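Undergrad: I have a structure I would like to understand better, so I am pasting it below and will then ask my questions one at a time.
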Amino acid sequence: MIDEKGIEAVLAILLPQILEHGKRSTKPFILGLSGLQGSGKSTWAIALATTLTNRHSIKTRILSLDDLYHDHPELVAIRSANPSNALLQTRGQPGTHDEALAKDFFSSVLQIRDKPSDAFVEWPAFDKSLHSGQGGRVPRERWVKVPAGEGLDVLIFEGWCLGFTPLTDREIKQKWEKDRLAIQGSEKGFGRRNIADHELHHLQLINSNLNGYYHDFMGPQHFDGLLHLSTNKLLQVYEWRLDQERALRKHKPGMTDDQVIRFVRGYMPAYELYLNRLQQGNFFQGEEQKKHVQVILNHAREVLEVKEMD
């Protein structure tokens, strides 16, 4: 359950920008929503979309980065082509999403107001339960078709690595070498950094994939605003994700605690490489008409602070 005051505080910053955008542009407002695993991205997206649509008559829809995954055969091929790269053995990292699908989708969405009223935009979907939990794309004939005549004012695009800015190969190497020295003789645990657990060229491949995303559909030029769900304690991600999975296991089979920890650990190198920059600076860097809002959450996902990044 999200604190209503948190939603109000976020919209106090973003709503004037959304309304102004609607006056000067025929394109929907694209709001990126980024957050750690377990932070409640989907719940926040639904709450924001519901509030904008029902209270402010701003027609809003949601797309998850997860719905842009490659289909199962392509994911299997990626794993097979990178057998020693642990980061690509499961879906999630940059490189496991379909960039062509993303570009086509956003191109269609941005033109929705210019389409005939009987035209429509197809909403991609991915079913994580297919193929024994490995996941697969929902057949295209079952995608939701959104009629252009219904209108679309805001698209909320949510995903765990939105707002991440790719580094240079040199920066990756410097961070990797620093961590290699720091972890010598230490045992794996929650407090231990994870970058140096991976080969340098594996990290650089993920960074190269992120660079492609950044230019094609996930850089600041592709958004009109950004909301980032953050925390003062990165290790909180383990507790959040464990809480979520334990709740799911009450109703259906799910990951064990050990599986959750291994799952989250796969995302930690990216957090350790890219998160600090997103937390410390404005994603839009000087574009005054675009707002970057940061929400700080505590261990119970309660809002501690809402602030506009300078």
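Read-outs throughout are calculated quantities, based only on the coordinates presented, and are distinct from any laboratory measurement. As the structure is a prediction and not an experimental result, all values here were calculated from the model. Because the Cβ atoms are built from the backbone with ideal geometry, glycine has one as well, and the counts that use them run over all protein chains shown.
Undergrad: Put a dot 7 Å past each Cα toward the Cβ at Gln279 and Lys23; how far apart are the dots in nm?
TA: Spacing of the two 7 Å Cα→Cβ label points: 3.8 nm.
Undergrad: Pull up all non-local amide H partners of Asn82: gap of 5 or more, or a different chain, and H-to-H distance under 5 Å with H placed in the peptide plane.
TA: none
Undergrad: Hey, if you put +1 on the Cβ of every Lys and Arg and -1 on every Asp and Glu Cβ in the chain, which of Tyr274, Asn232, Leu48 ends up farthest toward the positive end of that dipole?
TA: Farthest towards the positive pole: Asn232.
Undergrad: Build a GNM of the chain with springs between Cα atoms under 10 Å: which of Ala12, Ala148, Ala47 gets the top mean-square fluctuation?
TA: Ala12
Undergrad: Go ahead and run the numbers for FRET between His215 and Gln289, Cβ-Cβ distance against an R0 of 25 Å, rounding to 0.05.
TA: Values: r = 21 Å, r/R0 = 0.85.
Calculated transfer efficiency: 0.75.
Undergrad: Can you tell me which of Arg137, Arg55, Arg277 moves the most in a GNM of the chain? Springs connect C-alpha atoms under 10 Å apart.
TA: Per the Cα network of the chain with a 10 Å cutoff, Arg55 tops the list.
Undergrad: Mind giving me the FRET efficiency for Glu302 and Ser80? R0 is 51 Å, r the Cβ-Cβ distance, nearest 0.05 is fine.
TA: Numbers: r = 43 Å, r/R0 = 0.85.
Plugging the Cβ-Cβ distance into 1/(1 + (r/R0)^6) gives 0.70.
Undergrad: In a Gaussian network model over the chain where Cα atoms closer than 10 Å are linked, find which of Glu150, Glu141, Glu199 has the largest mean-square fluctuation.
TA: Of the options given, Glu141 has the highest mean-square fluctuation.
Undergrad: Another one. Any idea what the relative contact order of the chain is, in percent, if you count C-alpha pairs under 8 Å spaced at least 6 apart?
TA: Values: 463 pairs, mean separation 78.6, N = 310.
With pairs under 8 Å counted, the relative contact order is 25 percent.
Undergrad: Quick one: putting +1 on the C-beta of Lys and Arg, -1 on the C-beta of Asp and Glu, what dipole do you get for the chain around its Cα centre, in Debye to the nearest 20? It would help to have the intermediate numbers written out before the result.
TA: Values: 39 positive and 40 negative charges, 77 e Å.
Result for the chain is approximately 360 debye, rounded to the nearest 20.
Undergrad: Using only Cα atoms and rounding to the nearest 10 degrees, what angle (0 to 90) does helix 200-213 make with the longest principal axis of the chain?
TA: Value to nearest ten degrees: 0.
Undergrad: Here is a follow-up. Can you show me the helix-derived [θ] at 222 nm for the chain, built from DSSP H runs with n ≥ 4 at -39,500 (n - 2.57) apiece and divided by the number of residues, rounded to the nearest 500. Kindly include the intermediate steps, with their values, before the conclusion.
TA: Values: 9 runs with 123 residues, N = 310.
Estimated from H runs of four or more residues: -12500 deg cm²/dmol.
Undergrad: Set the Förster distance to 35 Å, then compute FRET efficiency between Lys250 and Thr165 from the Cβ-Cβ distance, nearest 0.05. Provide the component values of the computation, followed by the final result.
TA: On the way: r = 39 Å, r/R0 = 1.10.
For Lys250 and Thr165, the calculated efficiency is 0.35.
Undergrad: Evaluate the distance, in nm, between pseudo-label points positioned 7 Å from the Cα of Glu150 and of Thr50 along their respective Cα→Cβ axes.
TA: Going by the 7 Å Cα→Cβ label model, 1.8 nm.
Undergrad: What's the extension gain from Asp243 to Gln184 if we count 0.36 nm per residue and subtract their Cα-Cα distance? Show your work: numbers first, answer last.
TA: Values: separation 59, 0.36 × 59 = 21.24 nm, distance 3.14 nm.
Separation in residues times 0.36 nm, less the Cα-Cα distance, equals 18.1 nm.
Undergrad: Please identify which residues in the stretch 269-310 have an amide N closer than 18 Å to a label point set 7 Å out from the Cα of Phe263, following the Cα→Cβ vector.
TA: Inside the label zone: 269-271.
Undergrad: On to the next question. Among the listed pairs Lys41/Lys175; Lys59/Lys233; Lys233/Lys307; Lys128/Lys233; Lys27/Lys290, which have their C-alpha atoms separated by more than 23 angstrom in this model? Walk me through the numbers on the way to the answer.
TA: Numbers: Lys41/Lys175 28 Å; Lys59/Lys233 35 Å; Lys233/Lys307 17 Å; Lys128/Lys233 29 Å; Lys27/Lys290 15 Å.
Long pairs (Cα-Cα over 23 Å): Lys41/Lys175; Lys59/Lys233; Lys128/Lys233.
Undergrad: Just want the answer: with Cβ charges of +1 for Lys and Arg and -1 for Asp and Glu, which residue in Ser108, Ala81, Leu63 is farthest toward the dipole's positive end in the stretch 57-175?
TA: Sorting the options by dipole projection puts first Ala81.
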